[in-house]
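> Dumping the structure here so I can ask a few things about it.
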Amino acid sequence: MKHIGRIVSFPIGLVLIAVGIIIFVVVNRTIKDEFKKAAVVIPDNGADEIVDPWVRFIGNEGDPNNVRTYTFMAYNLTNPIETMQGHLPKYQEVGPYSYNYIYERINAKLYEDDEKLSFKLWKRYFPIVADGYRDPTKDTIYHFNLVYGAAVQQAGSEVSLSVALTAAAMGKIITGLTDPSFKVKAGFAAAPTVAAGAFSNLLTATGNDPATACGLWQTGTSSSTPLVPFSIPIIAGSASDISQAQCQALFDPSNKFSLTDPTNVGVYLLNPAGSKAALLASPFGLTSAQADLIMKYQLALTSTFVPTTLVSRFAECSADTTVCTNNPLYFGLLQWAKNPSLLGQSVFNIPNSGVPAAPEFGIYTSSELSLAKAGSLFQNTSTINLITPTSIGTILVYGQKLAADPTSIPSALFAPFSLVEFGAIAKYTGYIMSAFVDGDIIKNQIFKDYQGGPIVKHTVHDFLFNSTDPLLKLMYPDTPSAWVSSPLDNIQDVKVANATLHTDEIYTGVGDIDLVSSPITFEGEEELNYNIPIKVGGSFAEQLPPSYLSKDTEAPVNVFTDEFARSLSFRKEVGGNFGGIPYYRYRINESNWEVNPDYFQTIPYLLNLTSIKSGAPAYLSRPRLKGIDVGYYYKAGITDLINEDEDLDVFADYEPRSGKAIHGRYSLQVNTYIQGTDGTNSTLYNKYSAFRSDVVHPMFWGVNIIAATQEQIDILTKAYKIDSFRYAITVILIVVGGFLSLISGGLFVLDKIIDL
């Protein structure tokens, strides 16, 4: 019995060691599970609401633990006229402007056993207008227009843009003239003259007897009178539907309301709104039923009689008028290609014609084309046509050469047109370009008052979030949502957001926590359209996989951000403590800013997003162009920023075990860059402007600082306290248990030795 204490203390020591190990493993696993709960992006994941990743991911509106504020600085071009004439720009940094930033991921749907999540990211910005803040809705700046830059980039040059606009104008003109509704519009336009003439002819044929004329009109026998080109199906069920007195008043030239007068036809018979009230208010004493008959007559007049009368005088239509009245293309071409035209005047002169305002070919050139030849000009398969930019360019080049030397171009190249006809086509095309496109569209619509063109004028707020462009309005007249030209989305209506935003996808972390929040698509695409296809990938900036950095403090960090439209590698900079929580600070690797042909990067510290942003010449840099060659500061007129050393770079402070960014900063600057050789004028901006090449035009930069709240820090601190307690208990148990086991074992051996 004397050794019983030693015998008992040995297994107790082993038990204490085992309990210490069990506590270490169980508590460690529990903590890891809690960190996973605080990372996996699914609803009802069991995480505390304050750090619930689903709550933070879905949106921040009204969340006191997720308030975001963006601060913007804009660049104002102080010499816009000189810049467009080929001088170097002079920019001035203005601001700051602060905004509350609200984000919401709408239409969120889990799929594939909750491993993936689809959504639309809806962003909204609200200016902070209060004492101590500059008002972005009042401050006005001049700035480069990315929409215009995209149009020039895609066309190839301003000259090519002019050609493309000319082709579009031609297409719009002929589309208006060949639309089936033009026959009705032409009928309305010509009806007063044609109908009044028919009434007068009918009256003359009856010896100026209104009573006889009324009889012929109401019984439909007027077609038997060869002197009267008037044959319309009768609308009256019987002669009594419109009384003789009323009818004779309509035909009596001495009555100032007679329908033998074109003005009266336009006012009473063809009132533009089709208003029954206008007819009832006339002095003819019409009843409601009679007014209905007149309106039916109006429809028959404009849709049948007038068009037939109009086309019957053209030789190509006279044999069978239905060939021209039933063919919208031919009916419209009679107005465009003939001299005199179908209506005997230009649609220019017809109020509310609904047809694009441009002079017709026949009227402008005092010549005409056959319907077959004119029709071929509006077929994109024709070698010579007026609706493709390539053919427009060919017509202009051939036209110049033929004007100088009629034998310089073989006739086969502009067949089926004669030399005279092709000369008229070239003359008309040049006119549409110079007067209609360059004059009306470019000067009066696009460039007017800096509303559009390469340099535009807006308030800072409209520039960032709420600007529209006249060129986009011209291209998409019926789609207002396509007119937006501001570089940042700021959709205020959820219905518009649903209709216009891309659907994107991420991994939730279910099934593989190492993929938590990693993007699958960006703007609906799995690959980015750089010089080579770049697959969307990387970690979410605000959530690395839990324990990723604690397992390997030197593990590589690659983060995908919507703002940069690519994955960026980060480097570990320092460690520190934020509110009692240890962290590792990571910044963007300098290698991301280096020249890289895969990403179209030709200038260090200038990321080219042109291929990603719909062709807009958008280039990203660090705020205030930090890192870029100082020569670009001089060219942009911002030399006062060369030595600006304020730290505005992107960084993230990651708590290593949860993987959460407990403190960080987003920042970037948006610029445009005019490519080309230094000291020369750009070959892109070669007609309406003359920008200098190899110049960076700064536009704006923004910064957004995020930081964990005290409540969020307390939750993470609690985990550290539990972990510290676990560590202490484990150490104590293992040390005490080990001591007991070691001492009891040693004494037991010593006793055995003594006994020997």
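The values are calculated or read from the model by the stated rules, or taken from the named source; none is laboratory data. The structure presented is a predicted model; accordingly, all values stated were derived computationally and were not measured. When we count neighbours, we look across all protein chains shown, and the Cβ atoms used for this are built from the backbone with ideal geometry, even at glycine. Each accessible area value is taken on the protein alone, full model and side chains, heavy atoms only, with ligands, DNA and RNA left out. Shrake-Rupley method; radii C 1.70, N 1.55, O 1.52, S 1.80 Å.
> Looking at region 321-335, I want the residues that are over 23 Å from Ser367 (Cβ atoms) and have a partner that is aliphatic (A, V, I, L, M) with Cβ atoms under 8 Å, at least 6 apart or on another chain. Which pairs are those?
These pairs meet every condition: Thr321/Val311; Thr325/Val311.
> Which pairs have Cβ atoms under 6 Å, sit 6 or more apart or on different chains, and link a residue in region 366-387 that is closer than 14 Å to Met170 by Cβ to one that is in a helix (DSSP H, G or I) and open to solvent by 40 Å² or more (accessible area, probe 1.4 Å)?
Gly375/Leu329
> Could you grab me the full set of residues in region 361-392 that are aromatic (Phe, Trp, Tyr) and either buried (at least 20 other Cβ atoms within 10 Å of the Cβ) or under 20 Å from Ser160 (Cα atoms) (or both)?
Pass one, region 361-392, residues aromatic (Phe, Trp, Tyr): 361, 364, 378.
Correct list: Phe361, Phe378.
> Can you tell me which of (1) of a type outside the set (Gly, Ala, Ser); (2) open to solvent by 20 Å² or more (accessible area, probe 1.4 Å); (3) at pLDDT below 95; (4) part of a helix (DSSP H, G or I) is the one Pro477 doesn't meet?
It is condition (4) that Pro477 fails.
> Select from region 149-187 the residues that are under 21 Å from Ser693 (Cα atoms) and among the β-branched types (Val, Ile, Thr) and list them in ascending order.
If the condition is that a residue be under 21 Å from Ser693 (Cα atoms) and among the β-branched types (Val, Ile, Thr), then Val152, Val159 are the ones that fit.
> Would you mind telling me which numbered condition in (1) assigned to a strand (DSSP E or B); (2) under 23 Å from Phe447 (Cβ atoms); (3) among the charged types (D, E, K, R) Lys687 fails?
(1) is the only condition that Lys687 fails.
> Answer yes if at least one residue in region 156-166 is among the β-branched types (Val, Ile, Thr) and modelled with pLDDT under 90, and no otherwise. If you could, list the steps in order and put the result at the bottom.
Going through region 156-166, the residues among the β-branched types (Val, Ile, Thr) turn out to be 159, 163, 166.
In the following step, the residues that additionally are modelled with pLDDT under 90 were identified as none.
No: region 156-166 contains no residue that is among the β-branched types (Val, Ile, Thr) and modelled with pLDDT under 90.
> Suppose we filter region 631-650 for residues that are over 16 Å from Leu77 (Cβ atoms), of a type outside the set (Gly, Ala, Ser) and either more than 30 Å from the chain's Cα centre (by Cα) or open to solvent by 30 Å² or more (accessible area, probe 1.4 Å) (or both); how many remain?
Residues of region 631-650 that are over 16 Å from Leu77 (Cβ atoms), as a first pass: 631, 642-650.
Still in the running and of a type outside the set (Gly, Ala, Ser): 642-650.
Going one step further and asking which of them are either more than 30 Å from the chain's Cα centre (by Cα) or open to solvent by 30 Å² or more (accessible area, probe 1.4 Å) (or both), we end up with 642-647.
Number of matching residues: 6.
> Now for a different question. Just checking, how many residues over region 513-552 are closer than 18 Å to Leu121 by Cβ and of a type in the set (D, E, K, R)? It would help to see each step written out before you state the result.
Residues of region 513-552 that are closer than 18 Å to Leu121 by Cβ, as a first pass: 516-526, 528, 536-543.
Next cut, of a type in the set (D, E, K, R) only: 523, 525-526, 542.
Result for region 513-552: 4.
> Could you please tell me which pairs satisfy a Cβ distance under 9 Å, a separation of 6+ or placement on different chains, a first residue in region 681-693 that is farther than 15 Å from Gln154 by Cβ and open to solvent by less than 10 Å² (accessible area, probe 1.4 Å), and a second residue that is part of a loop (DSSP other than H, G, I, E, B) and among the β-branched types (Val, Ile, Thr)?
Ser693/Thr677; Ser693/Thr680; Ser693/Thr683
> Hey, could you check region 493-519 for residues that are in a loop (DSSP other than H, G, I, E, B) and touching a strand residue (DSSP E or B) at 6+ places or on another chain (Cβ under 8 Å) and say which is nearest to Pro546 (Cα to Cα)?
Filtering region 493-519 down to residues in a loop (DSSP other than H, G, I, E, B) leaves 493, 501-503, 508-512, 516-518.
Add one more test, that the residue is touching a strand residue (DSSP E or B) at 6+ places or on another chain (Cβ under 8 Å), and what stays is 501-503, 508, 516-518.
Working: Leu501: 31, His502: 29, Thr503: 27, Thr508: 13, Val516: 9, Ser517: 11, Ser518: 13 Å.
So, considering only residues that are in a loop (DSSP other than H, G, I, E, B) and touching a strand residue (DSSP E or B) at 6+ places or on another chain (Cβ under 8 Å), the one nearest to Pro546 (Cα to Cα) is Val516.
> Output the number of residues of region 184-200 satisfying the condition of being open to solvent by 30 Å² or more (accessible area, probe 1.4 Å) and at pLDDT below 75. Lay out the reasoning, then the answer.
Quick first cut of region 184-200, residues open to solvent by 30 Å² or more (accessible area, probe 1.4 Å) only: 184-185, 188-189, 193, 200.
Filter again for at pLDDT below 75, leaving 184-185, 188-189, 193.
Total meeting the criteria: 5.
> Also, quick follow-up: Cβ-Cβ below 6 Å, separation at least six or inter-chain, first residue in region 120-132 and free of Cβ contacts under 8 Å to residues at least 40 places away in the same chain, second in a loop (DSSP other than H, G, I, E, B) and not small (Gly, Ala, Ser): which pairs?
Once the first residue is free of Cβ contacts under 8 Å to residues at least 40 places away in the same chain and sits in region 120-132, its partners that are in a loop (DSSP other than H, G, I, E, B) and not small (Gly, Ala, Ser) give Val129/Asp135.
> While we're on this one: Check region 223-238 and report whether any residue there is open to solvent by less than 50 Å² (accessible area, probe 1.4 Å) and at pLDDT 75 or above.
Looking for residues that are open to solvent by less than 50 Å² (accessible area, probe 1.4 Å) and at pLDDT 75 or above, one finds none in region 223-238, hence no.
> Looking at this structure, is Val311 open to solvent by less than 50 Å² (accessible area, probe 1.4 Å), at pLDDT below 90 and under 20 Å from Ala167 (Cβ atoms)? Spell out how you get there, then give the answer.
Numbers: open to solvent by less than 50 Å² (accessible area, probe 1.4 Å): yes; at pLDDT below 90: yes; under 20 Å from Ala167 (Cβ atoms): no.
No; evaluated as a whole, the condition is false for this residue.
> Where in region 77-170 are the strands (runs of 3 or more DSSP E), entirely inside, with at least 2 residues that are touching an Asp or Glu at 6+ places or on another chain (Cβ under 9 Å) and open to solvent by less than 20 Å² (accessible area, probe 1.4 Å)?
Strands (runs of 3 or more DSSP E) meeting the threshold: 91-111, 116-127.
> Quick one: Tyr633 ticks every box in (1) over 20 Å from Ala565 (Cβ atoms); (2) outside any loop (DSSP other than H, G, I, E, B); (3) in contact (Cβ under 8 Å) with a residue 60 or more places away in the chain; (4) not charged (D, E, K, R) bar one, so which box is it?
Going through (1) over 20 Å from Ala565 (Cβ atoms); (2) outside any loop (DSSP other than H, G, I, E, B); (3) in contact (Cβ under 8 Å) with a residue 60 or more places away in the chain; (4) not charged (D, E, K, R) one by one, Tyr633 breaks only (3).
> Moving on. Report whether or not Gln248 is surrounded by fewer than 16 Cβ atoms within 10 Å (Cβ to Cβ) and at pLDDT 75 or above. Before you say what the answer is, go through the steps one by one.
Working: surrounded by fewer than 16 Cβ atoms within 10 Å (Cβ to Cβ): no; at pLDDT 75 or above: yes.
It is false that Gln248 is surrounded by fewer than 16 Cβ atoms within 10 Å (Cβ to Cβ) and at pLDDT 75 or above.
> Moving on to the next point. Can you name the residue in region 66-76 that is open to solvent by less than 30 Å² (accessible area, probe 1.4 Å) and in contact (Cβ under 8 Å) with a residue 40 or more places away in the chain and, of all such residues, is farthest from Gly676 (Cα to Cα)? Can you show your working first?
From region 66-76, those open to solvent by less than 30 Å² (accessible area, probe 1.4 Å) are 66, 68, 70, 72-76; that's our starting set.
With in contact (Cβ under 8 Å) with a residue 40 or more places away in the chain added as a condition, the list becomes 68, 70, 72-76.
Values: Arg68: 40, Tyr70: 34, Phe72: 30, Met73: 28, Ala74: 25, Tyr75: 23, Asn76: 23 Å.
The selected residue is Arg68.
> Something else: For region 344-358, check the following and say yes or no: at least one residue is within 19 Å of Gly430 (Cα to Cα), open to solvent by less than 30 Å² (accessible area, probe 1.4 Å), among the hydrophobic types (A, V, I, L, M, F, W, C) and modelled with pLDDT under 85.
Yes, region 344-358 contains at least one residue that is within 19 Å of Gly430 (Cα to Cα), open to solvent by less than 30 Å² (accessible area, probe 1.4 Å), among the hydrophobic types (A, V, I, L, M, F, W, C) and modelled with pLDDT under 85.
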